[in-house]
Structure formats: C-alpha cells, structure tokens
Amino acid sequence: MEPCFPIDTKGHPIILIGLMGCGKTTIGRELSRMTGMPLIDMDAIIEEQIGKSISQIFRDEGEAHFRALETALLRYIEGTVGTEKGNVIISTGGGVVLRQINREILRRIGFTVWFNVDVPTLLERTSRSNSRPLLQSPDRVAIMERLHRERSPLYAETAHLKLDSSDISVRDTVPIVHDAALRFFS
Ligand code: S3P
C-alpha cells in the first residue's frame with residue numbers, strides 16, 4: 001500500500017503501548033504504511049545498538065539494565081521532537097511504563113495509544129514466541145494475569161487513548177488510531 005493518508009503531527013510521534021502480544025508492532029507496521037511515518041520499534045533498536053537479543057540482555061546484564069536502555073532511548077527520541085525526525089510511530093516494549101520517567105516522557109512527547117487486550121488473547125498471541133524472557137516459565141498464565149493487573153493502571157496513566165481491542169482485528173484497529181491521531185494533532 002502506498003502511503004496515502006499522512007498526518008501532520010508537527011514532529012511529534014504516535015506511540016503504541018500495551019502488554020506483550022497486544023498488537024503494537026503489527027498495528028505500528030500497518031499504520032506506518034498508511035501514513036508514510038517511519039516505525040521505530042524500541043526493542044529492535046535496543047537489540048541493534050547493543051548487538052544482543054532482548055533475552056541475552058536480560059540474561060547477561062539483567063532487567064534493570066534493559067530498563068535503563070529504554071529510558072536512554074526515550075530521552076534520545078524526546079530530543080528529536082518538533083523536527084522531521086520526531087514524525088514517527090513508536091512501538092514500545094510492554095514494560096516501558098514501569099518507570100515513572102518513561103511514563104512522563106511518553107505522555108508529553110506525542111499521542112499515546114494503549115491497546116487493552118484481555119489475558120486469554122494475549123496468551124494466545126504470545127504462545128508461539130520464545131523471544132520474551134518474562135514469559136519463559138511454565139506459569140505463563142499467572143505471569144500474564146499479574147502483569148495485566150499491575151500494569152493496567154500504568155498504561156491508563158500514560159495513554160491519551162485507551163482502545164479495548166481484544167475483539168478488533170488489526171485491519172479495523174489501524175483506521176481507528178489514524179482517525180484519533182488526526183483529531184489529536186489538529
Ligand atoms: C517486555 C516486553 C517485550 C520486551 C521485553 C520486556 C515486558 O516487548 O521489551 O521482553 O516487560 O513486558 P513486547 O511488548 O514488544 O513483547
């Protein structure tokens with residue numbers, strides 16, 4: 001699809017947040033094609049910069065180090081806001097909201113959308129992947145339930161828009177986000 005529905009964000013990003021498996025990357029990719037705005041996948045950039053997979057970073061340096069890398073990347077992105085480089089879509093890692101400083105940055109630099117998806121759907125969507133260190137446990141159900149319970153208030157505090165998207169396909173979600181972003185930036 002040729003990008004045919006650009007959004008004038010005045011150099012501010014559209015930011016996608018939510019738990020692992022909520023659809024951030026897939027929706028981000030489609031929205032990127034629709035708007036012509038480049039997609040920044042935070043996990044992928046951190047992996048590229050460090051030269052290790054997220055699992056290796058968790059194993060070798062620990063989760064706290066990974067969280068510090070997320071903040072460093074957000075601060076870099078914040079520095080691009082207001083310029084052409086800030087006109088991007090950002091797909092975040094599910095735990096980006098754990099640090100208060102990250103929540104503040106995400107809230108102030110752009111339009112932040114939370115995809116709120118129920119636990120069974122998240123489990124189903126993450127079941128075929130082993131790239132997520134937090135889910136490498138026989139007790140995936142309990143882990144996902146806890147993450148959903150603990151993080152929902154943090155996503156709510158950060159997002160400008162909450163989309164209950166368990167039953168909405170990517171095809172239908174993308175125009176909803178596009179429309180909301182147009183209104184946010186108008
Ligand atoms: C994490 C989510 C992952 C990745 C890391 C930690 C989390 O990203 O950042 O494994 O704490 O929820 P996705 O949400 O893109 O899977």
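The values are calculated or read from the model by the stated rules, or taken from the named source; none is laboratory data. Since the structure is predicted, the reported quantities are computational estimates derived from the model, not experimental observations. Ideal geometry is used to build each Cβ from the backbone, glycine not excepted, and the neighbour counts take in all protein chains shown. Note: areas computed on protein heavy atoms with side chains; ligands, DNA, RNA excluded. Shrake-Rupley method; radii C 1.70, N 1.55, O 1.52, S 1.80 Å.
What to note about this one:
- Of the helices (runs of 4 or more DSSP H) lying entirely inside the range 1-113, the ones with 3 or more residues being away from the ligand (no atom under 16 Å from the Cβ) and over 26 Å from residue 167 (Cα atoms) are found at 63-80, 100-109.
- The range 161-186, subset in a strand (DSSP E or B) and open to solvent by less than 50 Å² (accessible area, probe 1.4 Å), residue nearest to residue 24 (Cα to Cα): 163
- All of (1) among the charged types (D, E, K, R); (2) open to solvent by 50 Å² or more (accessible area, probe 1.4 Å); (3) modelled with pLDDT of 95 or more hold for residue 24 with one exception: (2).
- Flag if residue 140 is more than 22 Å from residue 27 (Cα to Cα) and either among the hydroxyl-bearing types (Ser, Thr, Tyr) or within 13 Å of the ligand (Cβ to nearest atom) (or both): yes
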